[in-house]
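Structure first, commentary second.
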Amino acid sequence: MTTQTSPAAKPASKPHDAEKAAAFAKGLEGVIGGQTAVCSIEQDKLIYRGYEIHDLAEHATFEEVAFLLLEGHKPDSRELERFKAEIVAERALHPAVTSFVESSGAWLASGRAVPMDVLRTAVSILGHTDPDCQDNSAAANLRKSKRLLAKIPTIVGHMQNVIDGRALIGRELGGDPTLSHAANLLYMMTGRKPGKEEARVMDVSLILYAEHEFNASTFTTRVISGTLSDMHSAVAGGIGALKGPLHGGANEMAMEMLKEIYASVGEKGIGTGAVDEWMQKAFDTKRKLMGFGHRVYKNGDHRAGILMGLGKKMAATLPGTFGGLPAPKWFELGEQVQKIMLTKKNIHPNVDFPCGMTYFTMKIPVPQYTPIFVASRITGWCAHIMEQHGDNRLIRPLSIYTGPAERKWNG
Ligand code: ACO
């Protein structure tokens, strides 16, 4: 006699609950989500396509790193000049994007939108204006990557001009064609052409932010592009993921936290037990201190030390006060907070911590720190989107069901 097997009784083609439970890691911690030739993170090394981050921060420019990530190899001088010219030529925005950014002032002023929201929407509109928008071929993706890289700083700059109530800087050309990506970004946001050292500090910060393997926002872009959706959709999703304070939003929150500590302890309190007391209260209330900790790095984030060193060196040359404090005092406070965090919690700063102080002493408004992160990370995102489209398989994990047992609708 043959027994009829109901569909429910068929041998499971998917892992059983026990196997799933054994494989489960909350937040996908430690799970390998794919393969990449773009970047490698180890406890003691961060590598972009074979080049170690200290080497890049010391010897490369952001444009060279952008080329490396997008085109896949170190550029020779002719390739670099061609790439820079392509980017400069693409900086200006379509009037539809400019007009959207101009119309965003009221939302920004009311707090219903923050710059990351406006940037996300502006990138969506960029998609409508891009002749290659629906084309996922490698050549079209590379063209779109370059346009996004060129245009995002223009959106960020225009947005800050709108917030400050001044005419858009570089409306026709997207800034000053003679300026580098980093210097032009600062110029468009502030109306001030930065000196060589300031431009280099911004340039290095962009190198440090450019790529970081399967972090939350990059993974988001890979999930979206893995459905064979287009690059602008994936980047808009990436911006949404980066905005969160546990990810890119931490560079803004780190500076807000330092401002809060300064407001509480005063200038005289810096370097004293008053900062320890503030920190202890934060520990007692289980408050997360922004700019500290990392899912992958447990012995410190390589990028943080590089940016701390550069920011501190620049701060020592800056006259005047910044939010009431001389620039070096912010770094003194930051170093004290780092020391307490390490001694009491054994938690190291991540790159977002020194970024806060560094951008603050460059007089960049705090809500633009994460959009600047986007102006850099767009290179890593696009490299990953191209890699995903180049060898695609839908990204679709499983879950463990924790809801009620099966029941009858009419039962
Ligand atoms: N402040 C206080 N305690 C912390 C912090 C922090 N910043 N980071 C981790 N911890 C503690 C946690 O409370 C937890 O303690 P517990 O075991 O006693 O509960 C332990 O360290 C482990 O932390 P998790 O949050 O479980 O670590 P996870 O890997 O999930 O999170 C994360 C990593 C999100 C970065 C976390 O460290 C954090 O929230 N940091 C603050 C936000 C931040 O700076 N984000 C930027 C990351 S870098 C980037 O995106 C560019």
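The values are calculated or read from the model by the stated rules, or taken from the named source; none is laboratory data. In this text the structure is predicted, and so the values were computed from the model without any measurement. Note: ideal-geometry Cβ built from the backbone for every residue, glycine included; neighbour counts use all protein chains shown. We work out accessible area using only protein heavy atoms, side chains counted, and drop any ligands, DNA or RNA first. Shrake-Rupley method; radii C 1.70, N 1.55, O 1.52, S 1.80 Å.
When the stretch 68-91 is examined, which residues are found to be under 17 Å from Val156 (Cα atoms) and open to solvent by less than 30 Å² (accessible area, probe 1.4 Å)? Lay out the reasoning, then the answer.
Start the filter on the stretch 68-91 by keeping residues that are under 17 Å from Val156 (Cα atoms), which leaves 87-88, 90-91.
Ile87, Arg91 - these are the residues of the stretch 68-91 that are under 17 Å from Val156 (Cα atoms) and open to solvent by less than 30 Å² (accessible area, probe 1.4 Å).
Under the condition of being farther than 21 Å from Gly249 by Cβ and either at pLDDT below 95 or among the β-branched types (Val, Ile, Thr) (or both), the residues counted in the stretch 320-359 number 3. Would a scan of the stretch 400-409 turn up a residue that is in contact (Cβ under 8 Å) with a residue 24 or more places away in the chain, of a type in the set (A, V, I, L, M, F, W, C) and within 16 Å of the ligand (Cβ to nearest atom)? No. Restricting the first member to the stretch 340-362 and to residues that are under 21 Å from Gln280 (Cα atoms), and the second to residues that are among the hydroxyl-bearing types (Ser, Thr, Tyr) and within 12 Å of the ligand (Cβ to nearest atom), the beta-carbon pairs closer than 8 Å and six or more apart or on different chains are His348/Tyr297; Asn350/Tyr297.
Residue check: is Ala236 crowded, with 19+ Cβ neighbours inside 10 Å, in a helix (DSSP H, G or I), of a type outside the set (Val, Ile, Thr) and within 11 Å of the ligand (Cβ to nearest atom)? So that I can check it myself, show each step before the final result.
Numbers: crowded, with 19+ Cβ neighbours inside 10 Å: yes; in a helix (DSSP H, G or I): yes; of a type outside the set (Val, Ile, Thr): yes; within 11 Å of the ligand (Cβ to nearest atom): no.
Answer is no for this residue.
Return yes when Thr154 is under 22 Å from Ile364 (Cα atoms) and among the hydroxyl-bearing types (Ser, Thr, Tyr) and no when it is not. For Thr154, the condition - under 22 Å from Ile364 (Cα atoms) and among the hydroxyl-bearing types (Ser, Thr, Tyr) - is met. Looking across the stretch 204-259, the residues that are under 18 Å from Gln388 (Cα atoms) and among the acidic types (Asp, Glu) come down to Glu211, Glu213, Asp230. Screening Trp381 on (1) within 16 Å of the ligand (Cβ to nearest atom); (2) at pLDDT below 95 shows it passes everything except condition (2). Cβ separations smaller than 8 Å between residues 6+ apart or across chains give the following pairs from the stretch 199-228 residues that are part of a loop (DSSP other than H, G, I, E, B) and of a type in the set (A, V, I, L, M) to residues that are modelled with pLDDT of 95 or more and open to solvent by 10 Å² or more (accessible area, probe 1.4 Å): Leu228/Asn136; Leu228/His389; Leu228/Asn392. Can you tell me which residue among Ile400, Ile378, Ile395 is hydrophobic (A, V, I, L, M, F, W, C), surrounded by fewer than 14 Cβ atoms within 10 Å (Cβ to Cβ) and more than 27 Å from Ala315 (Cβ to Cβ)? When all the criteria are applied, what remains is Ile400. On inspection, Asp44 passes the criterion of being out of contact with any Pro (no Cβ under 9 Å at 6 or more places or on another chain) and touching a residue at least 24 places away in the same chain (Cβ under 8 Å). Considering the stretch 335-365, and only residues there that are in a helix (DSSP H, G or I) and under 12 Å from Met290 (Cβ atoms), the residue that is nearest to the chain's Cα centre (by Cα) turns out to be Asp352. Residues in the stretch 20-46 that are in a strand (DSSP E or B) and either within 12 Å of the ligand (Cβ to nearest atom) or not charged (D, E, K, R) (or both): Cys39, Ser40, Ile41, Leu46.
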